[in-house]
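Worksheet: one structure, shown below.
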Amino acid sequence: MIDERELMINPIVQESVAHNARTVSNIRSLTASLFGVAAGTLGLESLPGFLFYAIGTIIVSLLIFVTRTEANPKGFFHSPIADLWIGDAFGGLMSFVLTWTLFYGLVRA
């Protein structure tokens, strides 16, 4: 937990934290749809399709961690584990499944 002295040295600006969370959410939604397009086009079914999404989500989280936060997520998020690594992973799953089934049906039809 962040103590009072740390907050005085590095204050948390709620608008910036909310903006960062929205940005990560937008990135996850977009990449989830793109992963769905790729999985449907490749003709992945069942477990390989979900593994494709899981691996893709981990790679996107790593890229955000390295490029956007410069390996210091505490300076950008209130709770880095929840916001950066786990946040919107299941919300993106719905977009993934939707585009996955759409493109799978288009390619196989």
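If you take all other residues with their beta carbon under 11 Å from the beta carbon of V24, and give Lys and Arg +1 and Asp and Glu -1, the sum is +1. Taking the 1.4 Å solvent-accessible surface of the chain as the whole, the part contributed by carbon and sulfur is 69%. Placing a pseudo-label 7 Å from each Cα along the Cα-to-Cβ vector at E70 and F90 gives an inter-label distance of 3.4 nm.
Between the Cα long axis of helix 46-63 and the first principal axis of the chain there is an angle of about 30°, rounded to the nearest 10. Computed on the chain, the Cα convex hull volume stands at 89 Å³ per residue. For the chain, the solvent-accessible area of protein heavy atoms averages 68 Å² per residue (probe radius 1.4 Å; ligands and nucleic acids excluded). For T101, the accessible surface of its heavy atoms amounts to roughly 80 Å² (probe 1.4 Å, protein chains only, rounded to the nearest 10).
The values are calculated or read from the model by the stated rules, or taken from the named source; none is laboratory data. Just so it is clear, the model here is predicted, and its values are computed rather than measured. Note that we place each Cβ from the backbone using ideal geometry, even for glycine, and neighbour counts take in every protein chain shown. All accessible areas refer to the heavy atoms of the entire protein, side chains included, with ligands and DNA or RNA removed. Shrake-Rupley method; radii C 1.70, N 1.55, O 1.52, S 1.80 Å.
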